[in-house]
């Protein structure tokens with residue numbers, strides 16, 4: 001079935017001019033200030049149809065942003081998926097084989113399996129290894145409020161709270177539950193690790209507001225670490241809301257269905273039926289269980305829904 005295209009406010013642009021960077025890895029650009037300071041990585045297009053990250057990354061490159069201290073790296077991750085965009089099916093180029101944001105484990109990266117995503121992750125490995133702080137820019141299929149996602153280490157929370165926008169946080173005490181995301185690769189996934197790594201989910205994939213927020217968060221992230229000046233006109237942070245990831249459910253059956261339409265942030269009482277995964281019931285594990293990222297189109301082997309509770 002052809003997917004609706006009426007809400008495509010932001011579309012891909014040709015990125016071939018950005019292919020030749022200066023790191024030996026295609027679509028990766030690094031700028032060194034020559035002064036001591038952190039190495040900050042701004043990463044876009046981990047998923048091919050999450051266009052807001054492309055907007056933020058090209059803004060940095062097109063406007064000539066350079067770090068006052070430390071090092072700035074700007075990367076476009078999954079160009080192959082990005083270039084497969086079809087406006088009639090705008091959700092289909094999220095990935096080609098693997099989810100590029102679930103394969104950042106030694107088992108996958110050092111294993112014998114092959115795919116476009118694994119090849120690209122192996123190319124990007126030294127880029128990720130070199131970064132002290134990582135902002136991985138994403139967006140959501142549903143039109144919900146933007147939010148941070150990060151492992152439940154204080155060093156991550158401090159950065160997200162300091163940047164202040166978006167004001168919603170999804171905290172992972174035990175990982176994502178469906179693979180290893182980029183922000184948990186290497187020392188960033190260790191309790192005693194240094195630096196910080198986080199995802200920002202900027203809103204619905206194709207909305208201008210998501211692209212605008214991605215750019216604003218990127219600039220705020222860089223300013224927090226002193227690589228650029230802070231914007232004196234930046235809005236004051238809104239009250240923060242934090243949620244703890246409790247369960248990740250995968251689609252196991254083509255007959256997966258929610259008990260009612262969900263887009264995200266709906267709440268359920270303890271024991272309330274949320275979905276049927278074939279014959280398996282998914283029920284709320286607690287009162288005020290809050291839904292994050294319910295699938296808009298169930299695909300066996302992909303995430304169905306994240307269940308959280310307010311912190």
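The values are calculated or read from the model by the stated rules, or taken from the named source; none is laboratory data. Keep in mind it's a predicted model, so treat the numbers as computed, not measured. Please note: Cβ atoms are built from the backbone with ideal geometry, for glycine as well, and neighbour counts cover all protein chains shown.
Filter segment 158-179 down to residues that are in contact (Cβ under 8 Å) with a residue 60 or more places away in the chain and out of contact with any strand residue (DSSP E or B) (no Cβ under 7 Å at 6 or more places or on another chain), then give me how many there are.
First pass over segment 158-179, keeping only residues in contact (Cβ under 8 Å) with a residue 60 or more places away in the chain: 159, 161-165, 167-174, 176-179.
Of the ones still in play, those that are also out of contact with any strand residue (DSSP E or B) (no Cβ under 7 Å at 6 or more places or on another chain) are 161-165, 174.
The number of residues fulfilling the criteria is 6.
Return the residues of segment 258-279 that are in contact (Cβ under 8 Å) with a residue 24 or more places away in the chain, at negative phi and surrounded by 12 or more Cβ atoms within 10 Å (Cβ to Cβ); say none if nothing qualifies. Hits for segment 258-279 are 258, 262, 263, 266, 267, 274, 275, 277.
If you go through segment 175-201 and keep only what is part of a helix (DSSP H, G or I) and more than 11 Å from the chain's Cα centre (by Cα), you end up with 184, 186, 187, 188, 189. Just wondering, is there one or more residues in segment 103-118 that are out of contact with any helix residue (DSSP H, G or I) (no Cβ under 9 Å at 6 or more places or on another chain), assigned by TED's automatic domain parsing to the domain that holds residue 58 and surrounded by 18 or more Cβ atoms within 10 Å (Cβ to Cβ)? The answer is no, given that none of the residues of segment 103-118 is out of contact with any helix residue (DSSP H, G or I) (no Cβ under 9 Å at 6 or more places or on another chain), assigned by TED's automatic domain parsing to the domain that holds residue 58 and surrounded by 18 or more Cβ atoms within 10 Å (Cβ to Cβ).
When 37, 64 are checked against the criterion of being closer than 22 Å to residue 221 by Cα, free of Cβ contacts under 8 Å to residues at least 24 places away in the same chain and assigned to a loop (DSSP other than H, G, I, E, B), a single residue qualifies: 64.
Name, by its number, the condition in (1) farther than 21 Å from residue 293 by Cβ; (2) surrounded by fewer than 24 Cβ atoms within 10 Å (Cβ to Cβ) that does not hold for residue 157. Going through the list (1) farther than 21 Å from residue 293 by Cβ; (2) surrounded by fewer than 24 Cβ atoms within 10 Å (Cβ to Cβ), residue 157 breaks only (1).
For the condition free of Cβ contacts under 8 Å to residues at least 40 places away in the same chain and closer than 20 Å to residue 215 by Cβ, what is the one hit in 14, 110?
Details: 110 fails: closer than 20 Å to residue 215 by Cβ.
Being free of Cβ contacts under 8 Å to residues at least 40 places away in the same chain and closer than 20 Å to residue 215 by Cβ holds for just one of 14, 110, which is 14.
Residues that are closer than 17 Å to residue 138 by Cβ and without any contact (Cβ under 8 Å) to a residue 60 or more places away in the chain within segment 46-61 comprise 48, 54, 58, listed in sequence order.
Does residue 72 satisfy the criteria of being within 26 Å of residue 227 (Cα to Cα), in contact with a strand residue (DSSP E or B) (Cβ under 6 Å, 6 or more places away or on another chain), assigned by TED's automatic domain parsing to the domain that holds residue 186 and not in a strand (DSSP E or B)?
Working: within 26 Å of residue 227 (Cα to Cα): yes; in contact with a strand residue (DSSP E or B) (Cβ under 6 Å, 6 or more places away or on another chain): yes; assigned by TED's automatic domain parsing to the domain that holds residue 186: yes; not in a strand (DSSP E or B): no.
No; evaluated as a whole, the condition is false for this residue.
With the structure loaded, tell me whether residue 88 is within 24 Å of residue 182 (Cα to Cα) and in contact (Cβ under 8 Å) with a residue 60 or more places away in the chain or whether it fails that test. No: the conditions fail for residue 88.
How about segment 226-250: which of its residues are within 23 Å of residue 288 (Cα to Cα) and part of a loop (DSSP other than H, G, I, E, B)? Working first, answer last.
From segment 226-250, those within 23 Å of residue 288 (Cα to Cα) are 238-250; that's our starting set.
Within segment 226-250, 238, 239, 240 qualify.
Only residues that are touching a helix residue (DSSP H, G or I) at 6+ places or on another chain (Cβ under 9 Å), loosely packed, with under 12 Cβ neighbours inside 10 Å and either within 21 Å of residue 308 (Cβ to Cβ) or without any contact (Cβ under 8 Å) to a residue 60 or more places away in the chain (or both) were counted in segment 229-249, giving 1.
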